[in-house]
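Student: Can you read through this structure? Questions will come right after.
Coordinate-derived values only; no laboratory data. Note that this is a predicted model, so its numbers are computed, not measured. In this analysis, Cβ positions are derived from the backbone assuming ideal geometry, glycine residues included, and neighbour counts consider all displayed protein chains.
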Amino acid sequence: MTLNLRVMAPNRIVWNSEVQEIILSTNSGQIGILPNHAPLLTALDIGIIKIRLGKQWSTMALMGGFAMIENNRTTILVNEAEKAIEIDPREAQEAFGKAETDLARAEGKKRIIEANLSMKRAKARLEAINADTSNISN
């Protein structure tokens, strides 16, 4: 049995297919979604989504949004999404290093909040790459 997953960003449909399982990062922690999941509307945190197709897992970095689960359909609306296979590892590592530096140097509430958001985005991109790479070796 499968469920339909549709991930939409403002400028494109990032994913639209039948899948076996989904693991999402919500504002209150991670949740797993299998076929016949109870209806749910939840806010998504900046983090990763893991998607199982057969025995293979795919990973994406999601930059916050909302997920609606109902009748074996999961619709995810996000500000931005990147498939792990589309992320340049070197660029992601450089962005993470810059975010770390910016956070360490941030002064004032506004700059600290902005630096924390940049750090969460950079970390999500690296986690997506690392999760996808570990899947390949299994």
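Student: Taking Cα pairs under 8 Å and at least six residues apart, what relative contact order does the chain come out at, in percent?
Tutor: This gives 23 percent for the chain.
Student: Please list, short to long, the whole-number percent of alpha-carbon pairs of the stretch 85-137 in consecutive 5 angstrom bins beginning at zero.
Tutor: 4, 23, 24, 19, 13, 9, 5, 2, 1
Student: Can you tell me how much longer the chain between E18 and E86 gets when fully stretched, taken as 0.36 nm per residue apart minus their C-alpha distance, in nm with one decimal? Walk me through the intermediate numbers first.
Tutor: Details: separation 68, 0.36 × 68 = 24.48 nm, distance 2.07 nm.
Here the answer is 22.4 nm.
Student: Counting only helical runs of four or more DSSP H residues, what would the 222 nm mean residue ellipticity of the chain come to if each run contributes -39,500 (n - 2.57) and the total is spread over all its residues?
Tutor: One gets -11500 deg cm²/dmol as the mean residue ellipticity at 222 nm.
Student: Output the antiparallel fraction of DSSP beta bridges having both residues in the stretch 3-84, as a percent to the nearest 5.
Tutor: 90 percent
Student: Where does helix 89-105 land angle-wise versus the long Cα axis of the chain, in degrees 0 to 90, nearest 10?
Tutor: Value to nearest ten degrees: 50.
Student: Helix 109-137: angle to the longest alpha-carbon principal axis of the chain, degrees 0 to 90, nearest 10?
Tutor: Orientation of helix 109-137: about 50 degrees from the principal axis.
Student: What order do you get for 44-56, 102-114 when each peptide is scored by the mean count of other beta carbon atoms within 10 Å, highest first?
Tutor: 44-56, 102-114
Student: Highest mean first, what order results for 77-87, 59-69 on Cβ atoms within 10 Å?
Tutor: Highest-to-lowest ranking by the protection proxy: 59-69, 77-87.
Student: To continue, here is another question. For the stretch 1-81, place one equal point scatterer on every Cα, skip the solvent, and apply the Debye formula. What is log10 of I(q)/I(0) at q = 0.23 Å⁻¹?
Tutor: These q points yield log10 I(q)/I(0) values of -1.10.
Student: Shifting gears a bit: Could you tell me the calculated FRET efficiency between K98 and K120, based on Cβ-Cβ distance and R0 = 22 angstrom, to the nearest 0.05? Spell out each step's value before the answer.
Tutor: On the way: r = 14 Å, r/R0 = 0.62.
E(calc), rounded to 0.05, equals 0.95.
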